[in-house]
Amino acid sequence: MAARKHDLIVIGAGPGGYVAAIRAAQLGLDVACIEKEPALGGTCVRVGCIPSKALLESSELYQQARSGLARHGIRVERVDLDLAAMLKRKDDIVTQLTRGVDSLFKKNKITRHLGHARFLGPKRISVQGASATTELEATNILIATGSSVTPLKGVDLDGERIGTSTEALSWPAVPESLVVIGAGVIGLELGSVWSRLGAKVTVLEFLDRILPGTDKEIASEAQKILAKQGLVLRLGVRVTSAKRKGERCMVEAEGLEPIECERVLLAVGRKPNTEGLGLEAISLALDERGRIPVDEHFATAIPGVFAIGDVIRGPMLAHKAEDEGIACVEHIATGYGHVNYDAIPNVVYTTPEIASVGKTEEELQQAGIEYKKGSFPFLANGRAKAMAATEGRVKILAHAHTDRILGVHILGAHASELIAEAVAAIEFGASSEDLARTCHAHPTLAEALKEAALGVAGRSIHI
Ligand code: FAD
Ligand code: NAD
């Protein structure tokens with residue numbers, strides 16, 4: 001049968017792929033999207049951002065009801081956990097959102113193919129479905145196949161007691177003890193979920209700090225707060241093995257006594273999904289970290305083949321994948337399309353949240369860039385006091401001579417929302433003076449941003 005020809009085939013319906021497909025359709029292209037999972041939305045919607053945030057929200061409410069409400073003068077006699085209901089709420093949200101992507105595809109007349117995509121040539125793809133294989137052709141092909149968990153030698157993943165984030169989003173009972181391997185984003189977010197629900201959580205981290213890549217001062221303040229919440233953080237520890245022992249698990253690490261626990265979560269990073277894609281058929285070589293090399297317009301070395309999201313360089317973040325998808329197809333369709341990598345926020349949804357955009361202090365020091373720093377603690381912010389959420393601070397780094405904002409780092413309640421103002425400021429090339437002279441509603445947490453901006457010039461008012 002002759003292959004059906006499209007203007008664009010997108011492989012993968014994660015936030016990179018599905019957003020790219022919708023934007024391309026808006027621009028008038030005939031688009032097909034191939035996804036091997038029955039539900040659309042990718043890692044982010046099915047087993048990543050969304051279900052983890054649902055559980056973080058629910059577990060935080062449980063924690064508040066158990067011990068946080070008393071300081072507001074609210075006595076709660078008895079708090080029970082209905083874990084099955086909590087998990088069902090999370091699953092319902094995922095179902096609603098994956099179906100939402102389905103209807104967006106229909107609305108935008110995107111042809112959806114269910115099956116595993118493999119290159120037959122630079123413009124030809126085979127789709128291996130459950131019962132048949134189809135061939136498709138396109139002028140342009142966009143690889144948005146995302147990433148999956150990096151395994152660790154010696155750690156025997158069994159999908160039950162020793163699992164990855166995917167399993168840890170659905171454990172049917174709260175483990176009495178949990179060992180998390182890796183104090184990165186997943187380790188701290190999901191470690192927090194199970195700790196709040198009652199597990200004794202020990203996080204083993206290879207480096208001497210948590211959250212590599214985050215501003216060191218902010219990460220170190222967060223580390224103290226998380227430890228106070230009950231997470232046992234063992235740093236400078238290299239895990240060598242995790243094995244099942246009947247109904248228990250045994251974790252071994254250099255320099256530590258073996259730790260026995262009920263469950264293990266492996267969270268030492270993710271790797272790009274390129275296996276089984278047939279890249280050899282188009283002679284597309286990977287870089288040293290297994291990623292697909294692309295230029296600034298997301299073009300690979302093969303004409304007409306593009307790649308975006310977790311499968312290429314840069315932070316593995318849903319919004320980064322989305323912006324790349326849009327820029328890529330806009331460039332294909334119009335000749336213009338751009339992503340500003342200096343203005344991509346990063347958020348860790350612990351309590352308090354950690355959000356940042358731009359350069360860390362360490363990066364500025366390493367690059368020899370002179371900077372000024374303004375810092376303002378939430379302890380001195382009226383709204384934070386009213387909310388009983390006084391932990392953390394806002395830190396603004398601005399160029400020593402031009403005053404242009406180079407980095408903003410927030411540890412505190414709703415940091416994930418507050419960071420949007422900083423992202424807009426960086427996107428528009430604002431100076432700390434611009435932010436300091438912008439009127440902020442009172443009382444709001446956002447006033448801490450204004451105060452930190454004032455602090456860059458040594459003129460914070462409320463401290
Ligand atoms: P993916 O979302 O991984 O989608 C790729 C899709 O391609 C998948 O659906 C896959 O099935 C499909 N696919 C792969 N190969 C083939 C093939 N050969 N044929 C057909 N289909 C194929 N990021 C954030 O920004 N915020 C968060 O809060 C956040 N939380 C996270 C929590 C967890 C637990 C995890 C694991 C990740 C989280 N992330 C978060 C990261 C985020 O999920 C990824 O950065 C994002 O999903 C990447 O998007 P993508 O489109 O590149 O790839
Ligand atoms: P990560 O890269 O954030 O952290 C992995 C950690 O494991 C690092 O601190 C690393 O030093 C440590 N490690 C590596 N080998 C080890 C060993 N042998 N023993 C002990 N520790 C070891 O990776 P992750 O937490 O798995 O997350 C993967 C990606 O998913 C992240 O990079 C992030 O981009 C994305 N993600 C984002 C969010 C968010 O935006 N809120 C949430 C979850 C995941």
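The values are calculated or read from the model by the stated rules, or taken from the named source; none is laboratory data. Computed from a predicted model, the values in this text were never measured in an experiment. FYI the Cβ positions are ideal-geometry reconstructions off the backbone, even for glycines, and counts take in every protein chain you see. Heavy atoms of the whole protein, side chains included, go into the accessibility calculation; ligands, DNA and RNA do not. Shrake-Rupley method; radii C 1.70, N 1.55, O 1.52, S 1.80 Å.
Let me check against my output: what whole-number percent is the relative contact order of the chain, with C-alpha pairs under 8 Å and at least 6 apart? Walk me through the numbers on the way to the answer.
On the way: 1015 pairs, mean separation 66.5, N = 463.
14 percent.
For the chain, which DSSP H helices look membrane-span-like by this rule: Cα extent along the axis of 30 Å or more and mean Kyte-Doolittle of at least -1.0?
On the way: long enough: 83-107 (36 Å, -0.19).
What comes out of the filter, once short or polar helices are dropped, is 83-107.
Which chymotrypsin sites (Phe, Trp or Tyr not before Pro) does the stretch 333-385 hold that lie in a coil by DSSP with at most 10 other beta carbons within 10 Å?
Numbers: sites: Tyr336, Tyr341, Tyr349, Tyr371, Phe378; in loops: Tyr336, Tyr349.
In loop regions of the stretch 333-385 (DSSP not H, G, I, E or B), the sparsely surrounded chymotrypsin sites (Phe, Trp or Tyr not before Pro) are Tyr336.
For all pairs of alpha-carbon atoms in the chain, what percent lies in each bin of width 20 Å, listed from the first bin to the last filled one?
Here the calculated profile for the chain is 23, 52, 25, 1.
Starting from the 7 Å offset along Cα-to-Cβ, what nm value, one decimal, do you get for the label separation of Ala457 and Leu104?
Result: 4.1 nm between the two label points.
Using modelled amide H (1.01 Å from N, peptide plane; none on Pro or chain starts), what sits under 5 Å from the amide H of His414, excluding residues fewer than 5 places away?
Glu353
Kindly work out what percent of the DSSP beta bridges joining two residues of the chain are antiparallel, to the nearest 5.
Details: 46 of 79 bridges.
Here the antiparallel bridges make up roughly 60 percent for the chain.
Carbon and sulfur atoms: what percent of the 1.4 Å accessible area of the stretch 162-268 do they account for? Working shown, then result.
On the way: 2240 of 4200 Å².
For the stretch 162-268, the apolar C and S fraction of the accessible surface comes to 53 percent.
From the protein chains alone at 1.4 Å, what is the descending order of accessible area for Arg89, Arg289, Arg263, largest first? Don't skip to the end; give the middle numbers.
Numbers: Arg89 105, Arg289 165, Arg263 20 Å².
In descending accessible area the options line up as Arg289, Arg89, Arg263.
Too long at a 26 Å Cα-Cα cut-off: which of Lys200/Lys373; Lys5/Lys271; Lys36/Lys106? Don't skip to the answer; put the middle values down first.
Values: Lys200/Lys373 38 Å; Lys5/Lys271 31 Å; Lys36/Lys106 18 Å.
As for pairs spanning more than 26 Å Cα to Cα, those are Lys200/Lys373; Lys5/Lys271.
Provide Rg over Rh for the stretch 319-463; use the alpha carbon set for both Rg and the Kirkwood Rh (inverse mean inverse pair distance).
My calculation puts Rg/Rh at 1.02.
For the chain, what is the mean residue ellipticity at 222 nm derived from helices alone (per DSSP H run of n ≥ 4: -39500 (n - 2.57); sum divided by total residues; nearest 500 deg cm²/dmol)? Numbers along the way, then the final one.
Numbers: 13 runs with 145 residues, N = 463.
It lands at -9500 deg cm²/dmol.
Select from Leu157, Leu69, Leu204 the residue farthest towards the positive end of the dipole of the chain; place +1 on Cβ of Lys and Arg, -1 on Cβ of Asp and Glu, and compute about the Cα centre.
Leu69
With +1 on the Cβ of every Lys and Arg and -1 on the Cβ of every Asp and Glu, and nothing else charged, how large is the dipole of the chain about its Cα centre, in debye rounded to the nearest 20?
740
Accessible area per residue of the stretch 79-188 at 1.4 Å probe, in Å²?
Working: 5200 Å² over 110 residues.
Per residue, the stretch 79-188 has an accessible area of 47 Å².
If you place +1 on the Cβ of every Lys and Arg, -1 on the Cβ of every Asp and Glu, and leave all else neutral, what size is the dipole of the stretch 55-191 about its Cα centre, to the nearest 20 Debye?
On the way: 17 positive and 16 negative charges, 132 e Å.
In debye, rounded to 20, the stretch 55-191 gives about 640.
Roll a 1.4 Å probe over the protein heavy atoms and report the accessible area of Glu189 in Å², nearest 10.
Spelled out: Glu189, probe radius 1.4 Å, area about 10 Å².
In debye, nearest 20: dipole of the stretch 162-268 around its Cα centre with unit charges on the Cβ of K, R (+) and D, E (-)? Present the calculation step by step, with values, prior to reporting the outcome.
Details: 13 positive and 14 negative charges, 28 e Å.
Roughly 140 debye, rounded to the nearest 20.
For a quick check: with amide H placed at 1.01 Å from N, whose amide H comes under 5 Å from Ser147's, ignoring anything fewer than 5 positions away on the same chain?
Correct list: Asn273.
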